[in-house]
Amino acid sequence: MRVTYLGHSCFLVETSRARLIIDPFLTGNPSATATAAEIRCDYILVSHGHEDHTGDALALSQRTGAPIIANYEISEYYAAKGAKTHGMNPGGGHQFPFGRVKLTLAHHTSSLEAGLNPIYLGVPCGILIQADGHTLYHAGDTALFLDMQLIGRNNLSLAMLPIGDNYTMGPEDAVLALDFLKPKLAVPMHYNTWPIIAQDPAAFAARASEAGHTVRPLKPGEALEL
């Protein structure tokens, strides 16, 4: 299994049977090294409604035919725009041809077109992916929460955690999240895209190492093999 960081909270996961893109935000993403037009994918997974996680979901789905897997409200929103979708909700799982996806809790918000009349799109979620003998956890945008201990019972091969602070967990809480999740490896995300979420990933990795965890910061475009 190959996991490529595409910037912000976007990852491309290549399993033996499918290519999955998580939280596709490439257009307008100052940290992205790839364009949406370059992406080939079979499935699109979305953690919540904010534009910095859904930005290219519809265009990718329309171009590739990949279904959008997300909470029920997000899936219905995109289905109404003509996309293929598969709606789920936290606690629910489904077996896809490439493996199993289960949505988890996340503590955040979920909307599009924020302002005077935002479109609220259900609850934010984390995403568990089981494929090729590995279990991946993409936390989405979230605060630290105690039930991460339950997610940690899944023998995680990889955890993708936000560290940017202000909108999500910062580095200190992310280290505590690692205590709860106990993944074999963690990759930070949702940082340095804009000044308000500026962080030092190397400092986070060092702090996590002192607590007994292995963290590998990836540059946008960089990949790892599981």
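Only the coordinates and a few stated rules stand behind these numbers; no lab work does. Here the structure is a predicted model, which means the values were calculated and not measured. Glycine also receives a Cβ, built like all others from the backbone with ideal geometry; neighbour counts cover every protein chain displayed.
When the chain is described by a simple charge dipole with +1 on each Lys and Arg Cβ and -1 on each Asp and Glu Cβ, the residue from 181, 29, 167 located farthest towards its positive end is 181.
The GNM of the chain, with springs linking C-alpha atoms under 10 angstrom apart, assigns the highest mean-square fluctuation among 160, 189, 148 to 148.
Note on residue 147 and residue 111: the model spin-label points, each 7 Å out from Cα along the C-beta direction, lie 2.2 nm apart. Summarising the strand pairing of the chain, around 65 percent of its internal DSSP beta bridges are antiparallel. Neighbours of residue 30 by Cβ distance under 15 Å: Lys/Arg scored +1, Asp/Glu scored -1, total -2.
Determine the gain in length on full extension of the stretch residue 34-residue 194; use 0.36 nm per residue of separation and subtract their C-alpha separation, reporting nm with one decimal.
55.8 nm
Residues whose amide H comes within less than 5 Å of that of residue 86, counting only those at least five positions distant or on another chain, are 68, 69, 70 (H built at 1.01 Å from N in the peptide plane). With 10 Å bins beginning at zero, the pair-distance distribution over Cα atoms of the range 96-137 amounts to 26, 34, 26, 12, 1 %. Each Lys and Arg adds +1 at its Cβ and each Asp and Glu adds -1 at its Cβ; summed about the Cα centre, the range 2-225 shows a dipole of about 700 debye.
Computed from label points 7 Å out along Cα-Cβ, the spacing between residue 17 and residue 89 is 2.7 nm. Once the Cβ-Cβ distance of residue 59 and residue 2 is raised to the sixth power relative to R0 = 22 Å, the FRET efficiency obtained is 0.40.
Out of (1) 12; (2) 17; (3) 26, which label holds the value of percent of Cα pairs over 31 Å apart that was computed here? Recomputing percent of Cα pairs over 31 Å apart here gives the entry labelled (1). Look at the dipole of the range 83-226 built from charges on Cβ: of 83, 142, 208, the Cα furthest out on the positive end belongs to 83. The range 96-130 and the range 18-43 have their alpha-carbon centroids 17 Å apart.
Applying the criteria of a DSSP loop state and at most 16 other Cβ atoms within 10 Å to the GluC sites (Glu not before Pro) of the range 136-226 yields 222.
Were the residues from residue 224 through residue 79 laid out at 0.36 nm apart, the gain over their Cα-Cα distance would be 48.9 nm. Ranking 196, 121, 224 by how far each Cα lies toward the positive end of the dipole of the chain (charges on Cβ) leaves 224 at the top.
Would you look at the GNM of the chain, springs on alpha carbons closer than 10 Å, and say which of 106, 37, 159 moves the most? Greatest mean-square fluctuation among the candidates belongs to 37.
For the range 45-150, GluC sites (Glu not before Pro) are listed when DSSP marks them as loop and at most 12 other Cβ atoms sit within 10 Å of their Cβ; the list is 113.
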